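*Asks:* Have a look at this one before I ask anything.
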Amino acid sequence: MRLEARPALVVKDVHKSYGTLKVLKGISLEAAKGDVVSIIGSSGSGKSTFLRCINFLEIPDQGSFHINGEDVEFRTGRDGKSHPSNPRQIERLRSGLGMVFQSFNLWPHMTILQNVIEAPVHVLKVERKAAIEKAEALLAKVGLYEKRESYPAFLSGGQQQRASIARALCVDPAVMLFDEPTSALDPELVGEVLKVIRSLAEEGRTMIMVTHEMKFARDVSTRVMFLHQGQVEEVGPPSQVFGAPTSARCKEFIAAGSH
Amino acid sequence: MDFSWIIPYRELLLNGALLTCMLLVISVVLGFAIAIFLAIAQVGNNPVLRVAAKSYCTFFRGTPLLIQLWLIYYGLGSYLPYIPGLKGSFLWPLMREGLFFAAVALTLNFAAYQGEILRGTLLAVPKGELEAALAVGMRPSMVLRRIWLPRAIRIGLPTFAGEVILQLKATPIVFSVTVMDLYGAAYKIRQDTLLVYEPLILVAAFYVALTFLITQVFQRLENAVPARR
């Protein structure tokens, strides 16, 4: 029980600016094992940037990160901003975080199976045979076992996104990060991807998800965070954020999205 | 049309054809290897390497191959004997041959063009694919080796085919530094037999055939990863 309560991810006071534009103005997030946190907000609110700071695809200017039992070490660079001091640590942490992108970002020169085993074999140095076995099981789970020898270009958007979920799962991530996983899909393909994400939530995976699918966020999240202009405007269980938001802006946003 | 000379001159022709193929293969393979470094240096963060690679490509793309060849053959060639230790080394017999300087010039020239093309295709790889590689924990060198470079090379394949064909047709220039390539053989046959056209026609047919072969090889490479058009 004690172990269960220990947070998989603690991120505190994240700041990020591009030039004079302040995108993140001190965002904090804590996720316990099994939490599903949805981040919502209008475009430009900083939700994708925040998600990308968690696996350091964007380097935050400031903030403290405790991920997967490790504190991320920072040093102050010549520009006066803080940078992660150990690239190897960042790489190690990233391989424990499964990222799913809006635009899938499968590697087009590899088959679906090769895409999925790439990280286990080359980053985690898992034995190839074991990696293939696991990858095939994951592909079966997302309904793409028959497509394992195909190249990404021959798959639909929904299939590509399911493949990229399998790719992210194949490193046994402690936390899954979803960056608007359905925003680039044709409407009729959204359902099949959400179904896969829902099944992951149901098996108790820790997930952080930036999304515009309000109904879905309400259904699967344990917590919802509403961002506005780089700050947390509202955070709480979905019943509160969607049902009885205290912030006026959040109320407005929910109302605009519900019809 | 008189092609009766083919039999008596078969050895000269065959050796010439082999030399042409050898120069092509050597300059393309070595030139490509150098081009990878030139391209990476140009898109990399190190300003010294970037300027060096850029200058190299500008110089070799900005001067005629003939002048490069002569600069290397007459210029570099005449200084080599003064480099201590070189004259006694096992490389020396090789370095006295025009063939050596021809291979060097063709390689350096090909590397410059190829380096510039690869620079462009490296930049053409979608950033998201590289982010996906970083996101699974790859270190930058692995991203380059596993994703960035293979993708850039595939994007550039149709252009590379054209470059190799151009390179094939640049090779006869080596005859100007005494290398008896296929064109050199044809030249000698014309001198001996006083035939004007026939040797040239044979040589032209050979270049066409080789071009066809190169096209086929690249077609196969391109088909290795099926793409939907």
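The values are calculated or read from the model by the stated rules, or taken from the named source; none is laboratory data. A quick note: this is a predicted structure, and the numbers were derived from the prediction, not measured. Because the Cβ atoms are built from the backbone with ideal geometry, glycine has one as well, and the counts that use them run over all protein chains shown.
*Asks:* If I ask for residues that are touching a strand residue (DSSP E or B) at 6+ places or on another chain (Cβ under 9 Å) and either more than 10 Å from chain A (Cβ to nearest Cβ) or acidic (Asp, Glu) (or both), which ones from the stretch B:106-161 would you list?
*Replies:* Once the filter is applied, which keeps residues that are touching a strand residue (DSSP E or B) at 6+ places or on another chain (Cβ under 9 Å) and either more than 10 Å from chain A (Cβ to nearest Cβ) or acidic (Asp, Glu) (or both), the stretch B:106-161 yields only B:GLU131.
*Asks:* On to the next question. Considering only the stretch B:91-116, how many residues are in a helix (DSSP H, G or I) and either of a type in the set (A, V, I, L, M) or free of Cβ contacts under 8 Å to residues at least 12 places away in the same chain (or both)?
*Replies:* We begin by selecting, within the stretch B:91-116, every residue in a helix (DSSP H, G or I); these are B:92-95, B:98-116.
With either of a type in the set (A, V, I, L, M) or free of Cβ contacts under 8 Å to residues at least 12 places away in the same chain (or both) added as a condition, the list becomes B:92-95, B:99-100, B:102-106, B:108, B:111-112.
Selection size over the stretch B:91-116: 14.
*Asks:* A:LYS16 - would you say it is of a type outside the set (A, V, I, L, M), at pLDDT below 95 and in contact with a Gly (Cβ under 6 Å, 6 or more places away or on another chain)?
*Replies:* Numbers: of a type outside the set (A, V, I, L, M): yes; at pLDDT below 95: yes; in contact with a Gly (Cβ under 6 Å, 6 or more places away or on another chain): no.
No: the conditions fail for A:LYS16.
*Asks:* Moving on. Under 7 Å between Cβ atoms, which residue pairs at least 6 apart in sequence (or on different chains) link something in the stretch A:79-104 that is more than 7 Å from chain B (Cβ to nearest Cβ) and more than 30 Å from A:GLN159 (Cα to Cα) with a partner that is surrounded by 17 or more Cβ atoms within 10 Å (Cβ to Cβ) and hydrophobic (A, V, I, L, M, F, W, C)?
*Replies:* From residues that are more than 7 Å from chain B (Cβ to nearest Cβ) and more than 30 Å from A:GLN159 (Cα to Cα), the pairs are A:SER82/A:PHE74; A:HIS83/A:PHE74; A:PRO84/A:PHE56; A:PRO84/A:VAL72; A:PRO84/A:PHE74; A:PRO84/A:ILE90; A:SER85/A:PHE74; A:GLN89/A:VAL72.
*Asks:* Something else now. Output the residues belonging to the stretch B:1-50 that are among the hydroxyl-bearing types (Ser, Thr, Tyr) and either at pLDDT 95 or above or touching a helix residue (DSSP H, G or I) at 6+ places or on another chain (Cβ under 6 Å) (or both). Even if it seems obvious, please write down each step before you answer.
*Replies:* Our first condition is that a residue be among the hydroxyl-bearing types (Ser, Thr, Tyr); within the stretch B:1-50, this holds for B:4, B:9, B:20, B:27.
Within the stretch B:1-50, B:TYR9, B:THR20, B:SER27 qualify.
*Asks:* Also: Looking only at the stretch A:114-137, which residues are within 14 Å of another protein chain (Cβ to nearest Cβ) and either in a helix (DSSP H, G or I) or among the hydroxyl-bearing types (Ser, Thr, Tyr) (or both)?
*Replies:* Of the residues in the stretch A:114-137, the ones within 14 Å of another protein chain (Cβ to nearest Cβ) are A:114-126, A:131, A:135.
Scanning the stretch A:114-137 gives A:GLN114, A:ASN115, A:VAL116, A:ILE117, A:GLU118, A:ALA119, A:PRO120, A:VAL121, A:HIS122, A:VAL123, A:ALA131, A:ALA135.
*Asks:* I want to confirm something. Restricting to the stretch B:78-129 and keeping residues that are surrounded by 15 or more Cβ atoms within 10 Å (Cβ to Cβ) and charged (D, E, K, R), which single residue is farthest from B:THR63 (Cα to Cα)?
*Replies:* Let us first name the residues in the stretch B:78-129 that are surrounded by 15 or more Cβ atoms within 10 Å (Cβ to Cβ), namely B:80, B:95, B:98-122, B:125, B:128-129.
Going one step further and asking which of them are charged (D, E, K, R), we end up with B:116, B:119, B:129.
Numbers: B:GLU116: 15, B:ARG119: 20, B:GLU129: 37 Å.
In this case the residue turns out to be B:GLU129.
*Asks:* I've got another one for you. Taking helices (runs of 4 or more DSSP H) that fall entirely within the stretch A:143-259, which contain at least 1 residues that are more than 17 Å from the chain's Cα centre (by Cα) and touching a residue at least 60 places away in the same chain (Cβ under 8 Å)? If you could, list the steps in order and put the result at the bottom.
*Replies:* On the way: elements: A:157-169, A:187-202, A:214-220, A:248-257.
Hits in the stretch A:143-259: A:248-257.
*Asks:* Specify which of the listed residues (A:SER45, A:SER103) is surrounded by fewer than 21 Cβ atoms within 10 Å (Cβ to Cβ) and part of a loop (DSSP other than H, G, I, E, B).
*Replies:* Details: A:SER45 fails: surrounded by fewer than 21 Cβ atoms within 10 Å (Cβ to Cβ).
Exactly one of A:SER45, A:SER103 is surrounded by fewer than 21 Cβ atoms within 10 Å (Cβ to Cβ) and part of a loop (DSSP other than H, G, I, E, B), namely A:SER103.
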